[in-house]
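The values are calculated or read from the model by the stated rules, or taken from the named source; none is laboratory data. Source: prediction; values computed, not measured. Here the Cβ positions follow ideal geometry from the backbone for every residue, glycine too, while neighbour counts run over all protein chains shown. Only protein heavy atoms, including side chains, enter the accessible area calculation; ligands, DNA and RNA are left aside. Shrake-Rupley method; radii C 1.70, N 1.55, O 1.52, S 1.80 Å.
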Amino acid sequence: MLKGLVGLVTGSASGLGRATAERFVKEGGKVVICDLPTSKGSEFASQLGENAVFVPTDVTSEKDVSEALNICKDKFGRLDAAVNCAGIGVAFKTYNFNKSLPHKLDDFTKVLMVNTVGTFNVIRLAVGVIGQNEPNEDGQRGVVVNTASVAAYDGQIGQAAYSASKGAIVGMTLPIARDLASQGIRIVTIAPGLFDTPLLQSLPEKVRHFLAKTIPFPSRLGKPEEYAQMVECCIRNPLLNGEVIRLDGALRMMA
Ligand SMILES: NC(=O)C1=CN([C@@H]2O[C@H](COP(=O)(O)OP(=O)(O)OC[C@H]3O[C@@H](n4cnc5c(N)ncnc54)[C@H](O)[C@@H]3O)[C@@H](O)[C@H]2O)C=CC1
Ligand SMILES: C[C@]12CC(=O)[C@H]3[C@@H](CCC4=CC(=O)CC[C@@]43C)[C@@H]1CC[C@@H]2C(=O)C=O
């Protein structure tokens, strides 16, 4: 149950974030849907009803994220959980020897800006609002949940930028948990394996089927609701802190 809790979920017009926002409302909570202005966030918020609001947000912008947090406080009065799902990927080798072409530095920077800097931007601003909550009987004020990837550990060919961006999220989890401990704010990172979202739906069915078969058990793509269920576990279990949880059916990605 997420009854009475207020969440802010980035990247929640699509995929894993969308399933998480849906779960917040279904389980009795309220949610701020943060996604790019070009996303379908507005329609999605209307579908969810009065317990959801869409705020066009680029996670790399201090102004956008601050505005989303202001709207969260004005409309729902507080923030209990910030969930970082916004993310992008590129697929380029470090050097293409057939074309004598190095990986574009702009592409590398863009992925790190959205995935790593965007995640940290949301955390640093959101905890200022979560920290205003009265602590519960356990001293807890709220929770941050991040989304890394198994690519942080076993990144494939062409994923130098993506893996670096997700490895940085893994790396920041423990120090941030330590930074926030005195205020009773927890942080947990989920490292998903392969999930059936628009990110993977762009791949040909044959490739998706092949990818699914590389997962030991269950040999299928993860359902976004299974990710959302894990977010709820992270929010509800008071002892989970400073940890990265792989959610991957025992997948170890090959090169
Ligand atoms: N689908 C999968 O198999 C896996 C996904 N992930 C990670 O999970 C997260 C969610 O991925 P999916 O739901 O699959 O992707 P998705 O592409 O369906 O959703 C990502 C959302 O992030 C939004 N977004 C992109 N840049 C943004 C920005 N600068 N500011 C705000 N929003 C922005 C997009 O508009 C989109 O709605 C990502 O961080 C991804 O790297 C990690 C491992 C596996
Ligand atoms: C999702 C994941 C990382 C990516 O971003 C790529 C995706 C495979 C298809 C892709 C092709 C592209 O041109 C852009 C990148 C991406 C969307 C990868 C499959 C698994 C990767 C992951 O995060 C696993 O945990």
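Residues are listed down the side, and each one gets a yes or a no for (1) open to solvent by less than 50 Å² (accessible area, probe 1.4 Å); (2) within 16 Å of ligand 2 (Cβ to nearest atom); (3) hydroxyl-bearing (Ser, Thr, Tyr); (4) in a helix (DSSP H, G or I):
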| site | (1), (2), (3), (4) |
| --- | --- |
| 8 | yes, no, no, no |
| 17 | yes, yes, no, yes |
| 23 | no, no, no, yes |
| 31 | yes, no, no, no |
| 43 | no, no, no, yes |
| 46 | no, no, yes, yes |
| 50 | no, no, no, no |
| 58 | no, no, no, no |
| 66 | yes, no, yes, yes |
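Take the residues in the stretch 196-211 that are more than 18 Å from residue 251 (Cβ to Cβ) and not in a helix (DSSP H, G or I); name whichever of them is farthest from ligand 1 (Cβ to nearest atom).
Taking the candidates together, the pick is 204.
Take the residues in the stretch 212-235 that are without any contact (Cβ under 8 Å) to a residue 60 or more places away in the chain and assigned to a helix (DSSP H, G or I), then tell me which one is farthest from the chain's Cα centre (by Cα).
That would be 213.
So for the stretch 32-40 (the condition being out of contact with any Gly (no Cβ under 6 Å at 6 or more places or on another chain) and of a type in the set (D, E, K, R)), does at least one residue qualify? Spell out the reasoning first.
Restricting attention to the stretch 32-40, the residues satisfying the condition of being out of contact with any Gly (no Cβ under 6 Å at 6 or more places or on another chain) are 32, 34, 36-40.
Checking the rest, the ones that are also of a type in the set (D, E, K, R) come to 40.
Yes.
Here is a list: 86, 168, 177, 126. Which entry is within 16 Å of ligand 2 (Cβ to nearest atom), assigned to a helix (DSSP H, G or I), at negative phi and open to solvent by less than 70 Å² (accessible area, probe 1.4 Å)?
168
Confirm whether residue 110 is among the basic types (Lys, Arg), more than 30 Å from residue 4 (Cα to Cα) and assigned to a helix (DSSP H, G or I). Working first, answer last.
On the way: among the basic types (Lys, Arg): yes; more than 30 Å from residue 4 (Cα to Cα): yes; assigned to a helix (DSSP H, G or I): yes.
Criteria met by residue 110.
If we scan the stretch 108-123, do we find a residue that is surrounded by fewer than 17 Cβ atoms within 10 Å (Cβ to Cβ) and among the hydroxyl-bearing types (Ser, Thr, Tyr)?
yes
Out of (1) away from ligand 1 (no atom under 13 Å from the Cβ); (2) open to solvent by less than 20 Å² (accessible area, probe 1.4 Å); (3) at pLDDT below 95, the odd one out for residue 133 is which?
Failing condition for residue 133: (3).
Before we move on, is residue 245 at pLDDT 95 or above, part of a strand (DSSP E or B), more than 12 Å from ligand 1 (Cβ to nearest atom) and surrounded by 15 or more Cβ atoms within 10 Å (Cβ to Cβ)?
Details: at pLDDT 95 or above: yes; part of a strand (DSSP E or B): yes; more than 12 Å from ligand 1 (Cβ to nearest atom): yes; surrounded by 15 or more Cβ atoms within 10 Å (Cβ to Cβ): yes.
Yes; evaluated as a whole, the condition is true for this residue.
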